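Let me begin by presenting the structure, written as structure tokens, before commenting on it.
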Amino acid sequence: MIYRFFTPPPARTATGEAAGVYRQLREEFLGPVPTFQVLSAVPELMGATWSLMREALLAGDTSRTERELAATSVSHANRCRFCVDAHVMLLHGLGEHELAEAAARGEAPAAYRPLVAWAEASRNPVTARWTHDGYSAELVGTVLAFHFINRMVSALLNPDLLPAGLQRSAMVRNVGGRLYAKVAREHKQPRKPVEDAYAELRNLASNVGGLLSEAAQAHVKAVVAAEDGIHPQRPGDWAVDQVRDLPALDRVGARIALLAAFAPSALSQGDVALWRLSHPSDADLVRLVAYGAITATEHVATAAHALI
């Protein structure tokens, strides 16, 4: 099973905004991929995520190769195996076969090393003194888009898209990329500024409604700012310690939000089962994970004064 906590409805049954996103994905990307299918529980979030990814990664005149490499590098920094595999395949689709396999290993030719180092440094923006100076809005938007997407994917999807992790075979990636080559290389016109697309996603994902109290939201933001993108050694225990002083009603939700921000793959069936005792819907789980993901992404953006 590719989905960790729930299976979304088939794309063919979608209506309204979700159906529109699926149509655009078929025309301009890889089709209705699991990343967006799992977000369909909250169609407006699905739409905003697609809009940012489209404007940052696919549209405009910045080198698509550089943007795919930035997406892969951020995904390495966030330990999102699913996204690394997907964007290595897309580099193959652009005809960058040697670069793709170097990126899969976390390496890069000398000409690309500054870009890779810049993208990876965004995980710890304060410590690394990360800045967006000298980089296009599309590249900065790609970095921010994948800080959000990596966390959503790692929280809600299993890392293996194919049985036995076949997507990590160089041959499979190469063949998959070639199947996508025509769509990958088509120029796509922007529909809106990257800054606007990011603002829409930020405003939507930050509005967690009644899922967390204001005190819990403030606490999550404070921890994200203070810890600056660390990778906790024992994420479950770390998250429990971080919420210990919150009121009991806030602890489960705040713990899930913090795991989404720092170690989304450590989100467990037990965490979700406790959350569902009071919030049984798939949509509420997606919205809570999105809150943690956008809080971490905003930390990156704010530290660099990027796209805000």
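Values in this text are rule-based calculations from the coordinates and carry no lab data. Keep in mind the model is a prediction, meaning the values are calculated, not measured. Counting neighbours? That spans all protein chains shown, and the Cβs are built from the backbone with ideal geometry, glycine included.
How far is helix 137-156 tilted, in degrees, relative to the longest principal axis of the Cα atoms in the chain, given as a value from 0 to 90 rounded to the nearest 10? The angle comes out near 50 degrees. In terms of the mean number of neighbouring beta-carbon atoms within 10 Å, the peptides 200-209, 47-56 order highest first as 47-56, 200-209. Paramagnetic label reach from Ala283 (point 7 Å along Cα→Cβ; backbone nitrogen cut-off under 12 Å): within region 185-201, no residues. Given their separation in residues at 0.36 nm each and the Cα-Cα distance between them, Arg129 and Ala225 gain 33.2 nm when the chain is fully extended.
Near the amide H of Tyr3, within less than 5 Å, lie the amide hydrogens of Asn158, all on another chain or at least 5 residues away, with H placed in the peptide plane. In sequence order, region 6-21 has phi-based couplings of 7, 9, x, x, x, 4, 5, 8, 5, 10, x, 4, 4, 4, x, 5 Hz under the Karplus curve 6.51 cos²θ - 1.76 cosθ + 1.60, θ = phi - 60°, and Gly or Pro positions carry x. Projecting the Cα positions of Asn124, Leu246, Leu277 onto the charge dipole of the chain (unit charges on Cβ atoms of Lys, Arg, Asp and Glu, taken about the Cα centre) puts Leu277 furthest along the positive direction. Distances between placed amide hydrogens fall under 5 Å for Lys188 paired with Gly60, all partners being 5 or more residues away or on another chain. Here region 129-160 and region 233-308 have alpha carbon centers that stand 18 Å from each other. What residue among Val286, Val143, Thr62 has its Cα farthest toward the positive end of the dipole of the chain, where the charges are +1 on Lys, Arg and -1 on Asp, Glu, each on the Cβ? Value: Val286.
Backbone phi angles across region 263-279, fed through the Karplus curve with coefficients 6.51, -1.76 and 1.60 (θ = phi - 60°), yield HN-Hα couplings of 8, x, 5, 7, 4, 10, 4, x, 4, 5, 4, 5, 4, 5, 4, 10, 9 Hz in residue order; Gly and Pro are listed as x. Only Lys, Arg, Asp and Glu carry charge here, each on its Cβ (+1 for the first two, -1 for the last two); on that basis region 11-202 has a dipole of about 380 debye about its Cα centre. Here the dipole of region 208-304 is about 140 debye; that uses its Cα centre as origin and unit charges on the Cβ of Lys and Arg (positive) and Asp and Glu (negative). With contacts taken as Cα pairs under 8 Å and at least 6 residues apart, region 208-304 reaches a relative contact order of 36 percent. Shown in residue order for region 181-192 are the 3J(HN,Hα) couplings computed by the Karplus curve 6.51 cos²θ - 1.76 cosθ + 1.60 at θ = phi - 60°: 3, 4, 5, 4, 8, 6, 6, 10, 6, x, 9, 7 Hz (x for Gly and Pro).
For the pair region 200-219 and region 70-121, the centres of their Cα atoms are 32 angstrom apart. An oblate overall shape is assigned to region 16-86, the ratio a/c of its alpha-carbon gyration tensor axes (a ≥ b ≥ c) being 1.5 or greater and a/b not exceeding b/c.
Only helices enter the 222 nm calculation for the chain: every DSSP H run of n ≥ 4 contributes -39,500 (n - 2.57), and dividing by all residues gives -19500 deg cm²/dmol, rounded to 500. Under a model in which nothing but the beta-carbon of Lys, Arg (+1) and Asp, Glu (-1) is charged, region 7-117 shows a dipole of about 280 debye around its Cα centre. Length gained on full extension, Arg185 to Ala215, computed as 0.36 nm times the residue gap minus the Cα-Cα distance: 6.1 nm.
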